[in-house]
Amino acid sequence: MNSSVADLIAEVIAKEIRPGKDGHYSNDPNDSGGETAWGVTERTARKHGWEGAMIDLPRPIAENIYEAEYWYDPGFFDVSTISMRVARELFDTGINCGTERACEWLQMALNGFNRQGKDYADIAEDFDIGPATLNALRAYLARRKARGEVVMLRYLNSQQGAFYAGLVRRRPKDEDFLFGWFDNRVVI
């Protein structure tokens, strides 16, 4: 694991753990994700071969899951070669909102910011970060420079915040988490 992704994972775990005896573990009945350890849901842990009790999930296994599931598989590592700040946001958003949603929001932003195709061609909003998305991100940042990176982060965070607000409207039990999401997830 390289130090960049290790740092990102440590940041996420710090957001996910709670003070107390079993701070790395949660089984809140209002959490739609169900049981989690180190912020990894039981469903995701099982997908990666964990068969034990969630409270016993070792941190190194959780870290490996984060690296595979939320860094390499969705292509956020590839984004990091262009913009680490955008990749960091996609990584965190992917963990909390789903990687496909994070990919789609990036693609939506790139299409919306291309000035009707004057800067680069529209790309498919296909939830997949491939060569077309990476080339569009390069072209966007070449045109918009450092300010473009800030605006992209604002866009992605705006989408994330709207997503959380929509969750609360559909599932009132999520009100328990809304303040925390806006406090430590919707940030630039």
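Derivation of every value follows stated rules applied to the coordinates shown; laboratory data play no part. Here the structure is a predicted model, which is why all the values come from computation and not from measurement. Glycine also receives a Cβ, built like all others from the backbone with ideal geometry; neighbour counts cover every protein chain displayed.
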Taking R0 as 30 Å and r as the Cβ-Cβ distance between residue 30 and residue 151, the FRET efficiency 1/(1 + (r/R0)^6), rounded to the nearest 0.05, comes to 0.30
In whole percent, what relative contact order does the chain give with Cα contacts below 8 Å and a gap of six or more residues?
16 percent
Run the quick spin-label model on residue 81 and residue 10: label points 7 Å from Cα toward the beta carbon, then report their separation in nm to one decimal.
2.6 nm
State the extension gain, in nm to one decimal, for the chain segment bounded by residue 127 and residue 59, taking 0.36 nm per residue of separation less the distance between their alpha-carbons.
21.6 nm
Quick one, which of (1) 17.1, 56; (2) 16.8, 60; (3) 17.6, 60 is the actual Rg and Dmax of the Cα atoms in Å calculated for this model?
(1)
Could you give the angle, 0 to 90 degrees to the nearest 10, between helix 3-16's Cα long axis and the longest principal axis of the Cα atoms of the chain?
50 degrees
What nm value, rounded to one decimal, do you get for the distance between residue 18 and residue 51 when each label is placed 7 Å out toward the C-beta?
3.0 nm
Given 20 °C and 1.002 mPa s, how large is the Stokes-Einstein diffusion coefficient of the range 1-73 in µm²/s, with Rh as the Kirkwood radius over Cα pairs?
173 µm²/s
Other residues with Cβ under 10 Å from the Cβ of residue 50 give, with Lys and Arg +1 and Asp and Glu -1, a net charge of -1
Enter the Cα centre distance for the pair the range 104-148 and the range 17-77, rounded to the nearest angstrom.
31 Å
Straight-line reach from residue 145: which aspartates and glutamates have a Cα under 20 Å away, not including same-chain ones fewer than 8 places off?
78, 89, 119, 122
How much FRET efficiency would the formula 1/(1 + (r/R0)^6) give for residue 182 and residue 73, where r is the Cβ-Cβ distance and R0 is 25 Å, rounded to 0.05?
0.40
